[in-house]
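Single-structure report; data block below.
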Amino acid sequence: MSVNRREIIDETYLTFCEAEGNQHIASRYAIQKIIELLRRFKPDSVLEVGLGIGSISGTILRVFDDKNLKLYGTENNQFCLEALKNNLGEDYKSLNIYSDLKAIKGNVKFDLVIVDGGDTNLEIIKNKISDNGIIIIEGDRKNQLKLLKEYFPDHLYVHSISKRKNLEMAPFPSKNWEGGVKLIFINPNFKQKIYWLREKFQTKMRYSYRALRA
């Protein structure tokens, strides 16, 4: 990841750490991983299920400022909807917002889906994701993970974790490891399989690193 891109991510993350409702933002590692996946696989369209106050979508729009990436999201919480306007500024105009997954009509297909909210109608994703789509689950969300793995029986799955602790200014305990992401490659092509293998190895190494510092 280039220095400039990392600086944008870090600066944006610190801004969201100070925002009202910051207890619900994504981890710094999760955001960096999402940006990495976007850079590597170059999806044309991205859906975030549960926009919250915009820590993920806001960072994506700042990093990919050429406007070629089509970014969609769902959110129905009034506080979050107002926060999105304030936190994203001019970038807010580039975000296509729906109340929930059911509200997304038409034949639009998403190359990458980020699950970052509590929507339970995840079966809809089966008809809204492209053939080699990638699903990223931010946070724990065990029930949603179970459902999505069942919906895509040919998937490859890996839990990508960090070996860094939370920043002091983050709204999470600084003694805890930064939260990771769960990756589901629903019908992996060769490039995705190679990435999956690398992530499996790195996750194993990071668990060993954590154990040594427990």
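Thinking of segment 67-137 as a set of Cα atoms, what percent of all their pairs are more than 19 Å apart?
Details: 897 of 2485 pairs.
Considering segment 67-137, 36 percent of its Cα-Cα pairs are separated by more than 19 Å.
Under a crude label model (7 Å from the Cα following the beta-carbon direction), how far is N86 from R164 in nanometres?
Each label point is offset 7 Å from its Cα along the Cβ direction, giving 2.7 nm.
For F185, F79, F190, F41, write out the residues from largest to smallest accessible area, computed with a 1.4 angstrom probe and no ligands counted.
My answer, sorted largest first, is F190, F79, F41, F185.
What does the accessible area of S208 come to, in Å² to the nearest 10, when a probe of 1.4 Å is used?
Ignoring ligands and nucleic acids, S208 comes out at about 60 Å².
If a/c stays under 1.5 just call it rounded; otherwise compare a/b with b/c (prolate if a/b is bigger, oblate if not). Do that for segment 8-110, with a ≥ b ≥ c from the square roots of the Cα gyration tensor eigenvalues. List each step's numbers first, then the result.
Working: a/c = 1.69, a/b = 1.10, b/c = 1.53.
Cα axes put segment 8-110 in the oblate bin.
How large is ³J(HN,Hα), in whole Hz, for each residue of segment 114-119 in order, when computed from phi with the Karplus curve 6.51 cos²θ - 1.76 cosθ + 1.60 and θ = phi - 60°, using x for Gly and Pro?
Coupling constants for segment 114-119: 9, 9, 9, x, x, 4 Hz.
Hey, can you find the accessible area per residue of the chain for me, probe 1.4 Å, expressed in square angstrom? Before the final figure, lay out each step's value.
Details: 11000 Å² over 214 residues.
Normalised by residue count, the accessible surface of the chain is 51 Å².
Report the label-to-label distance for Q78 and D65 in nanometres (one decimal), using points 7 Å from each Cα along the Cα→Cβ vector.
3.5
For the residue pair N189 and N176, what label-to-label distance in nm results when each label sits 7 Å from Cα along the Cα-to-beta-carbon direction?
3.7
For K163, which aspartates and glutamates qualify as cross-link partners when the Cα separation must be under 14 Å and same-chain residues fewer than eight apart are set aside?
Those aspartates and glutamates meeting the cut-off are E178, E199.
What is the list of residues in segment 90-124 whose amide nitrogen lies under 17 Å from a point 7 angstrom out from the Cα of K42, following Cα to Cβ?
Only 111-112 fall inside the zone, counting backbone N under 17 Å.
The values are calculated or read from the model by the stated rules, or taken from the named source; none is laboratory data. The structure displayed is predicted, hence computed values, not measured ones. Because the Cβ atoms are built from the backbone with ideal geometry, glycine has one as well, and the counts that use them run over all protein chains shown. For the accessible areas, the whole protein counts, side chains as well, though only heavy atoms, and no ligand, DNA or RNA atoms are used. Shrake-Rupley method; radii C 1.70, N 1.55, O 1.52, S 1.80 Å.
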